[in-house]
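Everything on this sheet refers to the single structure shown next.
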Amino acid sequence: MHDVLIMGGGTAATFAAIRLARADLDVAVVFAGPPSALMCRGVAFVGGGFPGDGGFAALWSEVFPRVNLGPDTYLGHDGSAVRADRAVDGAARLSAVVERDVLVMDVHGLPGPDAVVLASRLKRHMGRVPRFSVLRLQYSADDFGLTPVLWARRFDDPARRAELVSHLLRRLMDEPSQVVLMPAVLGIDFNKQLLDIMDESAPGKVMELLGGPGWPPGARMAAALTGALQKSGVTLVRGQVVGVGRAGPDGLGHVLTDRGDELHAGRFILATGNMVGGGLRLDQGLREAALGLPVFVRDRPAPGSTPLCQVDPTLLFGEDPAGDQPIIDAGLSLDEQGRPVDKDGRVVHHNLWACGSVVAAKRGSAVIDPGVSAWSGYRTAGMLI
C-alpha cells in the first residue's frame, strides 16, 4: 500500500514523485516507456518565464543540471528561432552571435537543410547571411541514413570524438571565426565533455543549434529525467495501466497493469501526457487512455466512444493544416484542486489528481515544453503534501 501512486514517467511525473518522496511519502510510479521529453527541442518555458519558487528552482537544477541557460532566443537546425527561458547548455543563442563573425558548420549526411539553405534562413534572425561550410568525416556504408541521435551516439565514443575534434580544428585553421554553429549532434552521454574540449581547443565559441523532435537535445533531457527518477527512492513499476479498482463509490483503490501488477494507494496522480506520451488516444473518438476519463477540447467535451467518421472534424482539426489545431489543446478538465471532472463539472474520483500535458491547455503549438510539465508536476505534488 503506497501513499501516492503516479501514472506516467515523464517530466510532470518525475517532478511530482521527487517532491512527494522528499516529503516522506511512500511513492510508486508506473511508467510504460521513455519520457516524451525526448521529443522536445532542448528548450523549456517557451514564451514564458521561469517560476520564482525557490524549491522548484533547486529541483530543476538538480534534475536538469545541463539545462540552465537563461532567457534568450535560441536558433534551430532548420533556421527557426525560439524564445525560451531555459535551454540545454551549449545551445546557439541569438545574443551570442549578434555582431560576431559566425560560421555555420553542416555535417555531411545529416537530415535537414544543408549549410547554404540554413545560412540563408538564419539571415532573418541575424540580419545578415553567415558564412557556411561542410564538415566531411570518415564514413562507412553503415553511416548513411543515421538518425541525429545515432550520429550523436557515435561521438560518445572516444575515437569518434577525437576524429570530430581533429577535423573541426583543421577546418577552423582555414576558416577561423568567432562563433561556430554546429548541428545538435555533439554526443549524448558525453556532450559536456565534448563541448568542454571544443571550448579549450577551438579558436572560437562552438555552439549547437537546437534540434527537432527526436533530436539529441531532447534525448539528453529524457536521459536526465530517467536518471533522476531512478535515484529518487520511489518504487518504479514498468507497465501500462489497464484497469482500476474502486475504494468506495467515488474513489480509486488500486490500478492493474498489463504485466499483472495490482498496485494499491491512498491517492493517485495521472501524468501520462497527451497523444505524444500516450495519455490520449485518437481511435474510437478522443479518449484518455489509462482510466477512461472525460476529455475536453477548448472547454467542449470531446467525442468519446464515437467512431471518428461520425465526429465533426472542426471540433478536433482546423481548416488550415498548417494553422491552429484544436486537438493540440485537448486534455482533462480539472477543478480548483487539480482533480479531473466530468462534463457536468463533477469530480470523477475524489483521490485522483492530474498534471502535465494530459491536462487541457491553450498550448498554441505542438512543441513539447518540459518546463511547463515540470512546474505542473511540482505544483500538483504540493497539493498532496
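Taking the criterion of being surrounded by fewer than 15 Cβ atoms within 10 Å (Cβ to Cβ) and part of a loop (DSSP other than H, G, I, E, B), the only residue of the range 57-67 that qualifies is 65. The residues of the range 25-44 include none that are on the phi > 0 side of the Ramachandran plot and modelled with pLDDT of 95 or more.
Yes/no per residue for (1) open to solvent by 60 Å² or more (accessible area, probe 1.4 Å); (2) over 21 Å from residue 358 (Cα atoms); (3) not aliphatic (A, V, I, L, M):
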site	(1), (2), (3)
204	no, yes, yes
211	no, yes, yes
229	no, no, no
238	yes, no, yes
271	no, no, no
277	no, no, yes
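Select from the range 20-48 the residues that are more than 18 Å from residue 225 (Cβ to Cβ), open to solvent by less than 60 Å² (accessible area, probe 1.4 Å) and either part of a strand (DSSP E or B) or in contact with a strand residue (DSSP E or B) (Cβ under 8 Å, 6 or more places away or on another chain) (or both) and list them in ascending order. If the condition is that a residue be more than 18 Å from residue 225 (Cβ to Cβ), open to solvent by less than 60 Å² (accessible area, probe 1.4 Å) and either part of a strand (DSSP E or B) or in contact with a strand residue (DSSP E or B) (Cβ under 8 Å, 6 or more places away or on another chain) (or both), then 25, 48 are the ones that fit.
Of all residues in the range 292-305, those being crowded, with 19+ Cβ neighbours inside 10 Å, modelled with pLDDT of 80 or more, in contact with a Gly (Cβ under 9 Å, 6 or more places away or on another chain) and outside any strand (DSSP E or B) number 1. In the range 202-276, counting only strands (runs of 3 or more DSSP E) that sit wholly within it, the ones holding 2 or more residues that are under 30 Å from residue 175 (Cα atoms) and not hydrophobic (A, V, I, L, M, F, W, C) span 205-208. Screening the range 68-97 for residues that are β-branched (Val, Ile, Thr) and either touching a Gly at 6+ places or on another chain (Cβ under 8 Å) or open to solvent by 40 Å² or more (accessible area, probe 1.4 Å) (or both) and picking the one that is farthest from residue 114 (Cα to Cα) gives 88. Scanning the range 83-134 for residues that are more than 22 Å from the chain's Cα centre (by Cα) and assigned to a strand (DSSP E or B) turns up 102, 103, 104, 105, 106, 107, 131, 132, 133, 134.
Residue count for the range 257-269 under the criterion of being touching a Gly at 6+ places or on another chain (Cβ under 7 Å) and open to solvent by less than 60 Å² (accessible area, probe 1.4 Å): the result is 2. When residue 325 is tested against the conditions (1) at pLDDT 65 or above; (2) more than 24 Å from residue 212 (Cα to Cα); (3) not aliphatic (A, V, I, L, M), the lone failure is (2). Among the residues of the range 333-375, write down those that are at pLDDT below 95 and of a type in the set (A, V, I, L, M). 334, 341, 347, 348, 358, 359, 360, 361, 366, 367, 368, 372 - these are the residues of the range 333-375 that are at pLDDT below 95 and of a type in the set (A, V, I, L, M). Any residue at all in the range 102-110 that is within 20 Å of residue 213 (Cα to Cα) and at pLDDT 90 or above? No - not one qualifying residue is present in the range 102-110. Here residue 285 clears all of (1) open to solvent by 20 Å² or more (accessible area, probe 1.4 Å); (2) at pLDDT below 85; (3) more than 21 Å from residue 372 (Cβ to Cβ); (4) not basic (Lys, Arg) except the condition numbered (1).
The values are calculated or read from the model by the stated rules, or taken from the named source; none is laboratory data. Bear in mind the structure is a predicted one, so any value in this text is a computation, not a measurement. Every residue, glycine as well, gets a Cβ built from its backbone with ideal geometry; the counts of neighbours run over all protein chains shown. Heads up: the accessible areas ignore ligands, DNA and RNA and are worked out on the full protein's heavy atoms, side chains in. Shrake-Rupley method; radii C 1.70, N 1.55, O 1.52, S 1.80 Å.
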